[in-house]
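The values are calculated or read from the model by the stated rules, or taken from the named source; none is laboratory data. Just so it is clear, the structure is predicted and the values come from calculations on it, not from any experiment. Methodologically, a virtual Cβ is constructed for each residue, glycine included, from the backbone with ideal geometry; neighbour enumeration extends over all protein chains shown. Each accessible area value is taken on the protein alone, full model and side chains, heavy atoms only, with ligands, DNA and RNA left out. Shrake-Rupley method; radii C 1.70, N 1.55, O 1.52, S 1.80 Å.
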Amino acid sequence: MKKLKILMICAHPGDAFDDSGGTLCHHAMRGDEVTVCLMTSGTRSHAALFTDEKRKSKGERNEAFAGMDGAAITGYKEREIIAAGKELGITDVRFFEEEDDLLLINEVAIKKVADLIRELKPDILITHHPMQDGGLLTTHPIVGQIVLLGNEAAGARWTRDEKVPPHQVKQVFFVGALNGKPWSLSQSFIAQWRVYVDITDVVDRKVKALDCLASQRYDGDYARKRAEACDGYWGTRMDIPYGETFIPMLPEVHEFLPIMDSTLETNTGWTARIGRLSEFKAHMVPYKKREFFE
Ligand SMILES: [Zn+2]
């Protein structure tokens, strides 16, 4: 099979890794070209290490943390994100640095997405579902909408400046940790996950990637609990230990009815199936705290 080019564009630092980190790791291991692009660097919404201190009164707070400005926090966050990518074998990480407290669908961001797609020429685009949480909250569906509009612009057959030729992505996969949040806004969109990826062999690398995102408290116990609760939940539904889920935008067309070898092999008895399903390792990954100051 030819090497694939895969571009993941997501809202916040954690999204690329907790929603699709294992899958992206598999593609990087196979030699595919994987790029992760962060629409925001999570400076205002995902930097509790610093922002919690800013909200404390003088005398109670760590002044070095409380005094860090937006640019310094962004720099710290981006060093964490680059390190998280390396844990998964992802070395091409891009930052759009849009604001994360208020992100609207805007022409500048759409054009940045279009330019990136024309530059990288991905076969596969991964992003948030545009209808997650009613298509409104949180920033995820807004990013999904920006990315889909950028994808459409990138594919226009006659681009405005003709500097970079148009490119048409072949397939889009949507991610989301669970079926949105259990809010009434989410009721209008019930995710139908169609593609499951078994990430059991790399779930330890995924936990280590989340360990890098300590400024948003995704390290340590959270990384392990998340892998067991979310990836483990999808796994148990598919008779595997740990899985990630995707919704393809376009239906896949086959010559024959698709069935995996592993699906055929699982008919080897109840004990073997439960034994495989019970593989339990994400919570045992050793934790090593890392700092990303410069
Ligand atoms: Zn997010």
With charges only on Cβ, +1 for K and R and -1 for D and E, what is the dipole size of the stretch 5-284 about its Cα centre, in debye, rounded to 20? 240
Between GLU228, GLU33, GLU60, find the one with the highest GNM mean-square fluctuation for the chain; connect C-alpha pairs within less than 10 Å. GLU60
Just order 16-23, 163-170 by mean Cβ neighbour count inside 10 Å, highest at the front, would you? 16-23, 163-170
Most mobile listed residue (CYS25, CYS230, CYS37) in the chain, GNM with C-alpha springs under 10 Å: CYS230
Between ASP161 and GLU107, 0.36 nm times their residue separation minus their Cα-Cα distance comes to what? 17.9 nm
Running a GNM on the chain with Cα contacts under 10 Å, which residue among LEU148, LEU185, LEU102 ends up with the highest mean-square fluctuation? LEU102
Applying a 10 Å radius around every beta-carbon, put 132-138, 61-67 in order of their mean neighbour count, most first. 132-138, 61-67
Rounded to whole Hz and in sequence order, give me ³J(HN,Hα) for the stretch 249-259 from the Karplus expression 6.51 cos²θ - 1.76 cosθ + 1.60, θ = phi - 60°, writing x for Gly and Pro. 6, 9, x, 8, 10, 10, 7, 10, 5, x, 8
Taking a probe of 1.4 angstrom, what is the accessible area of ARG276 in Å², to the nearest 10? 100
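For the stretch 210-294, state which chymotrypsin sites (Phe, Trp or Tyr not before Pro) are in a DSSP loop and have at most 15 other beta carbons lying within 10 Å of their beta carbon. Intermediate values should be presented prior to the final figure.
Details: sites: TYR218, TYR222, TYR233, TRP234, TYR242, PHE246, PHE256, TRP270, PHE280, TYR287, PHE292, PHE293; in loops: TYR218, TYR242, PHE256, PHE280, TYR287, PHE292, PHE293.
For chymotrypsin sites (Phe, Trp or Tyr not before Pro) across the stretch 210-294 that sit outside H, G, I, E and B with at most 15 neighbouring Cβ atoms in 10 Å, the list reads PHE256, PHE280, TYR287, PHE293.
Per DSSP H run of n ≥ 4, the term is -39500 (n - 2.57); total these for the chain, divide by its residue number, and report the mean residue ellipticity at 222 nm rounded to 500 deg cm²/dmol.
Details: 11 runs with 111 residues, N = 294.
Only helices count here, giving -11000 deg cm²/dmol.
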Positive-pole candidate from VAL169, PHE256, PHE96, dipole of the stretch 5-284, charges at beta carbon: PHE96
